[in-house]
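> Encoded as structure tokens, here's the structure I'll be asking about.
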Amino acid sequence: MYDVIIIGAGPAGLTAGIYASRAKLKTLIIEKSMEGGQIVNTMDVENYPGINDGETGMELAMRMTEQTKKFGAEFVTDEVTGVSLEGKEKVITCANGEYRGKTVIIGTGAKSREIGVPGEEEFKSKGISYCATCDAAFYQDSDVYVIGGGDAAVEEALFIAKFAKNVFVVHRRDELRAAKSIQEKAFANDKIHFIWDTVTEEIIGDKVVEGIVLKNVKTGEITTHKSTTDIPSIGIFVYIGYIPQTQLYENVLELEKGYIVTDENMKTNVEGVFAIGDTRAKAVRQVVTAVADGCIAAIQAEKYIENLE
């Protein structure tokens, strides 16, 4: 029987693990892949307080993980397949076993939203990517199209520009949603070009992506874009938002557009169950807000357990 079971080892889950285990609570963190969450795909973290200049998301995640382990939190690599959250004993069923705890903190994060156009499924990992840190180096001196206009899209366009010959940012509006400081860097980069008021209609190619079909939302004009370089293939990187990983909780917890509803203390509508980070409904999703969520949830979990005894 664990005091706290944390599902997900992103910055929110790791922080919850630090606070819970440091409070001498028997703590388990379940993660189906690698620790760190979405931040491991960020090449350069600039907006986290006290960060070392030039530190990558992977490096920050590794330091968080080591700190969590130092205080005694247990880690298990497994995938959650079912939950029973009512009552004083919470049961988490995984592919390789079952775990029981007095409290549960859900920090399963979100995954990249797909465009949903013909050719996308066919060309995943064959020219379409959702992670610039993972794949940008494959497009040395190539043309690359970045779909989106928020912080992630523009930040990754700047990173991809280190490798690609041209980076075309395709955005459905006539101005970016990214922070002004990031926009300024992108507008000043000669390799980055912008295609406004435009959406993706189709992705085409043979064995790899060779072109992208775009539609202007104001004029209705449809154009096909192919490589302008000696390399016939192109790259497409998609950054149009995220989908919360909350499917397991649809009939258990209160959701809002797929995100778990909590109060300011991270409490859900089920006693002893908390939600943190990108999993929960909130206005701002950043690493700094995720770690704050994790801290609050762990402290509230401790108080809940004290009242049980």
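The values are calculated or read from the model by the stated rules, or taken from the named source; none is laboratory data. This structure is a prediction, so every number in the text was calculated from the model and none was measured. Positions of Cβ are generated from backbone atoms using ideal geometry, with glycine treated the same way; all protein chains shown enter the neighbour counts. Surface accessibility is based on the protein's heavy atoms, side chains included, excluding ligands, DNA and RNA. Shrake-Rupley method; radii C 1.70, N 1.55, O 1.52, S 1.80 Å.
> If you average the C-alpha positions of the stretch 188-205 and of the stretch 146-171 separately, how far apart do those two centres end up, in angstrom?
After rounding, the separation between the Cα centres reads 9 Å.
> Where Lys and Arg each count +1 and Asp and Glu each count -1, what net charge lies around Gly72 among other residues with Cβ under 11 Å from its Cβ?
Numbers: positive: Arg22, Lys24, Lys26, Lys69, Lys70; negative: Glu74.
So the surrounding residues net to +4.
> Which stretch or stretches of the stretch 116-144 have amide N atoms under 17 Å from the point lying 7 Å from Glu202's Cα along the Cα→Cβ direction?
So the set is 116-124.
> Here is a further query. Order 152-163, 215-226 from most to least packed using the mean count of other Cβ atoms within 10 Å.
Values: 152-163: 23.1, 215-226: 12.2.
Sorting 152-163, 215-226 by mean packing, highest first, produces 152-163, 215-226.
> Right, something else. With charges only on Cβ, +1 for K and R and -1 for D and E, what is the dipole size of the stretch 1-126 about its Cα centre, in debye, rounded to 20? The partial results should precede the final answer.
Numbers: 15 positive and 19 negative charges, 132 e Å.
Its charge dipole is roughly 640 debye.
> Moving on. Share of Cα-Cα pairs in the stretch 233-309 beyond 16 Å, in percent?
Values: 1589 of 2926 pairs.
Counting pairs separated by more than 16 Å, the tail of P(r) holds 54 percent.
> For the stretch 163-309, give the share of DSSP beta bridges that are antiparallel, in percent and rounded to the nearest 5; count only bridges with both residues there. Provide the component values of the computation, followed by the final result.
Details: 15 of 20 bridges.
Of the beta bridges lying entirely in the stretch 163-309, close to 75 percent run antiparallel.
> Below 8 Å between Cα atoms, with a sequence gap of 6+, how large is the relative contact order for the stretch 197-248 in percent? List each step's numbers first, then the result.
Numbers: 66 pairs, mean separation 13.4, N = 52.
Rounded, it is 26 percent for the stretch 197-248.
> Now for a different question. What share of the DSSP beta bridges in the chain is antiparallel, in percent to the nearest 5?
Working: 27 of 61 bridges.
So the antiparallel bridges amount to about 45 percent of the total.
> With every protein chain present, what accessible area does Leu14 have (1.4 Å probe, heavy atoms only), rounded to the nearest 10 Å²?
0
> Counting only heavy atoms of protein chains, what accessible area per residue, in Å², does the stretch 31-104 have with a probe of 1.4 Å?
Numbers: 4140 Å² over 74 residues.
Computed with neighbouring chains in place, this is 56 Å² per residue.
> Quick one: putting +1 on the C-beta of Lys and Arg, -1 on the C-beta of Asp and Glu, what dipole do you get for the stretch 151-289 around its Cα centre, in Debye to the nearest 20? Walk me through the numbers before you get to the answer.
Values: 17 positive and 21 negative charges, 62 e Å.
For this selection, approximately 300 debye.
> Relative contact order (percent) for the chain, with alpha-carbon contacts under 8 angstrom and 6 or more residues of separation? Intermediate results must be reported in sequence, preceding the final value.
Working: 714 pairs, mean separation 65.8, N = 309.
Relative contact order, the chain: 21 percent.
> At 222 nm, what value in deg cm²/dmol follows for the chain if DSSP H runs of at least 4 each add -39500 (n - 2.57) and the sum is divided by all its residues, to the nearest 500? The partial results should precede the final answer.
On the way: 6 runs with 70 residues, N = 309.
Per the formula, -7000 deg cm²/dmol.
> Which are the unpartnered cysteines of the chain, meaning those with no other cysteine Cβ under 4.7 Å from their Cβ?
Cys94, Cys295
> How large, in percent, is the carbon and sulfur part of the accessible surface of the chain at a probe radius of 1.4 Å? Kindly include the intermediate steps, with their values, before the conclusion.
Details: 7130 of 15080 Å².
C and S fraction of accessible area: 47 percent.
> So, one more: Calculate the dipole size of the stretch 35-78 relative to its Cα centre from +1 charges on Lys and Arg beta carbons and -1 charges on Asp and Glu beta carbons; express the result in debye to the nearest 20. Write out the running numbers ahead of the final one.
Numbers: 3 positive and 9 negative charges, 37 e Å.
That gives a dipole near 180 debye.
> Using heavy-atom solvent-accessible surface (probe 1.4 Å) with all chains present, what is the largest-first order of Glu86, Glu302? If you can, show how the numbers build up before the last one.
Working: Glu86 125, Glu302 60 Å².
So, going from the largest accessible area down, we get Glu86, Glu302.
> While we're here: Between Ser125 and Asn307, what is the FRET efficiency for a Förster distance of 45 Å, r being their Cβ-Cβ separation, to the nearest 0.05?
Numbers: r = 49 Å, r/R0 = 1.09.
E between Ser125 and Asn307, to the nearest 0.05, is 0.35.
> Follow-up. Anything in the chain that counts as a DSSP H helix reaching 15 Å or more along its axis (C-alpha) with Kyte-Doolittle mean of at least -0.5? List them, would you? Before the final figure, lay out the partial values.
Numbers: long enough: 11-22 (16 Å, 0.33); 57-70 (20 Å, -0.95); 287-308 (32 Å, 0.80).
Counting only whole DSSP H runs, the qualifying helices are 11-22, 287-308.
> Something else about it: Pick out, from Ala136, Pro232, Thr93, the residue whose Cα sits farthest towards the positive end of the charge dipole of the chain, with +1 on the Cβ of Lys and Arg and -1 on the Cβ of Asp and Glu.
Thr93
> At 7 Å along Cα-to-Cβ for each site, give me the label-to-label distance between Lys257 and Asn96 in nm.
Placing both labels 7 Å beyond Cα along the Cβ direction yields 3.7 nm.
> Sticking with this one: Considering the alpha-carbon set of the chain alone, what are its Rg and its Dmax in angstrom?
When restricted to Cα atoms, the chain yields Rg and Dmax of 21.3, 70 Å.
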